[in-house]
Amino acid sequence: MIVYKTEEEIELIKQSANILSQVHGEVAKHVAEGVTTLKLDSVAEEFIRDNGGSPSFKGYNGFKHSLCISLNSAVVHGIPSKYALQSGDVVSIDCGVFFKGFHSDSAYTHAVGEVAPEVTELLRRTKESLYKGIDLAVVGSRIGDIGFAIQSHVEQYGYGVVRELVGHGLGRSLHEGPEVPNYGKRGQGMKLQEGLVIAIEPMVNLGSRHVVQENDGWTIRTRDKKPSAHFEHTVVVRKGKAEILTTFDYIDKALN
């Protein structure tokens, strides 16, 4: 179901997104060699609850954690564990916050220590593609325009765009309509209207686009076992220019 939001509802989602953005900043302070992914998960949950929210992911379809933490060839839905981060790792951190009745959703992929130059470029270009997609999240555009912008940007570098997982609407539910693919054709799909809140989230692989699911029932991994990157913002469709509700500013501050 597609649910257009009132300005009052958007304001509440914005409050949720502000907590979420700060969560990412707090977690970013701890992304370092020797830190376990379970530690990152506990940092996130403590911050969310201390600020009056609850983790959107915890309990969702039986998921037991506050963060999805996906390492290296894992694309999304990785499960926090006792694994300690090592130099050269790529770690995607996906988080959602439920606050005053509304969800927000955001993801960021970190490099730990020294990573290969081609991996650094993958992260940079995937992040660029997120904003290329956001530029098209405006009244009068179509869903296919967003996907085309993302796909055309990253495929020129030979990367693979994951097809099996897509962005989505969100609000009172974590996943609402419409689906927002990271691939597509210009001028196709539903026309975007004011008040639509969506999560745009490119998932881009260094190698082929093909993925497999691990035996844990959650983790989605690249079939060729090459690294993947994932960046995501919660966005409101507006006239002329999209409004981005989440921000990476807290992450940038933590990393710098």
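Exactly one residue out of Glu45, Glu33, Glu26, Glu9 is closer than 30 Å to Gln193 by Cα, touching a residue at least 12 places away in the same chain (Cβ under 8 Å) and among the charged types (D, E, K, R): that is Glu9. When His153, His230 are checked against the criterion of being surrounded by 21 or more Cβ atoms within 10 Å (Cβ to Cβ), farther than 23 Å from Pro80 by Cβ and at pLDDT 95 or above, His153 stands alone in meeting it. Checked against (1) more than 23 Å from Glu164 (Cα to Cα); (2) surrounded by fewer than 22 Cβ atoms within 10 Å (Cβ to Cβ), Lys132 meets all criteria but (1). Test Ala254 against the criterion of being closer than 27 Å to Gly88 by Cβ, over 17 Å from the mean Cα position of the chain (by Cα) and open to solvent by less than 60 Å² (accessible area, probe 1.4 Å), and give yes or no. Here the answer is yes, as Ala254 does meet what is asked. Residues in segment 112-168 that are of a type in the set (Phe, Trp, Tyr) and in contact with a Gly (Cβ under 6 Å, 6 or more places away or on another chain): Phe148 alone.
The values are calculated or read from the model by the stated rules, or taken from the named source; none is laboratory data. Please read all numbers here as calculations on a predicted model, not as lab measurements. FYI the Cβ positions are ideal-geometry reconstructions off the backbone, even for glycines, and counts take in every protein chain you see. Accessible surface areas use protein heavy atoms only, side chains included; no ligands, DNA or RNA. Shrake-Rupley method; radii C 1.70, N 1.55, O 1.52, S 1.80 Å.
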